[in-house]
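We did not get these values from a lab; they are worked out from the coordinates using the rules stated. Nothing here was measured: the structure is a model prediction, and the numbers come from that model. Neighbour counts are summed over all protein chains in view; Cβ atoms, including those assigned to glycine, are modelled from backbone coordinates with ideal geometry.
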Amino acid sequence: MSQPKSQLETFKAWAGVDSDISYYLNSHHIDICESMVSQQGFFPVKVSASASKGTAVGLGCDPITEDTISLLVHWVKKDDPSKRATGVYTASWTAPQKAGVHSNQYFHYMASGGEIRIDQAKRGYDVADDNVGQLVWYNPFYMRYAPDEEGNFAGQTGYGYISFEKFVDGCRLVNRDGVSAVKVLDDRGLPTLGNTVGTTAILEAGRRALDEDREVEIKVEDGVWSLV
């Protein structure tokens, strides 16, 4: 997944310091993948990482800021350790200024019984405009900004809207029912703290792998996650 370097003008106050590019962008695809394979009994066991540097620093970001980070994650099936899988996750915020879309996202999942290929940027809308000077791929389903026939808001079905709606619904449930609402939200498959521990462990293992120049292991014992 990549985004154009122009946004680093906005992010440079915190980019690479409060969050690296892996935490910022890799989190999306790692979370999707982890939620899929965990249902099949697979857990991450070790992470290695590599990074490129130079462009972000040249744009005024902190000297520690990486341009691109790739994580190599090893997965093992809990009840059959002989079954293993590998995931490679790459994120960058130094793509060309005119990359066609704000976020280029490619996802390839190859399993024993089939595979999935997703190009999030290209949904069938290729638009060329002399005034823009580039080819643009529109993402029409993220949010509808145009009003309906009566001039009212009509963006309720866009996932950009739905994500906020689900968050507000969750907050209302917690405010009403207290701690007991947490399990209800976990069971709905929403990205709660409980449902994203695996994703966070992978991202933090990747950060430590870069900082310490080594492979980092992930352990899960009695439901408690730790990095070794």
| task | Take the chain, drop everything but the C-alpha atoms, weight them equally and run the Debye formula without solvent; then report log10 I(q)/I(0) at 0.09, 0.15, 0.17 Å⁻¹ to two decimals. | result | -0.47, -1.23, -1.39
| note | Lys pairs in the chain with Cα under 16 Å (8 or more apart in sequence, or on separate chains) total 11
| said: Helix-only estimate, please: 222 nm mean residue ellipticity of the chain, summing -39500 (n - 2.57) across DSSP H runs of length 4 or more and dividing by its residues, to the nearest 500. | reply: -8000 deg cm²/dmol
| task | Would you work out the charge dipole size for the range 140-192 about its Cα centre, treating the Cβ of every Lys and Arg as +1 and the Cβ of every Asp and Glu as -1, and quote it to the nearest 20 debye? | result | 260 debye
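Hey, got the dipole for the chain? About the Cα centre, +1 on K and R Cβ, -1 on D and E Cβ, debye to the nearest 20?
For this selection, approximately 320 debye.
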| message | Place a point 7 Å from Cα of residue 40 in the direction of its Cβ. Which residues in the range 197-221 have their backbone N less than 19 Å from it? | response | 198-199, 202
| Given the range 140-192, what whole percent of its Cα pairs are spread farther than 12 Å? | 69 percent
| Based on the inverse mean of 1/r over its pairs of different Cα atoms, what is the Kirkwood hydrodynamic radius of the range 139-228, in Å? | 16.5 Å
| said: To check my understanding: the extent here is largest minus smallest coordinate of the Cα atoms along each principal axis. What are those three numbers for the range 44-141, in Å, largest first? | reply: 58, 39, 16
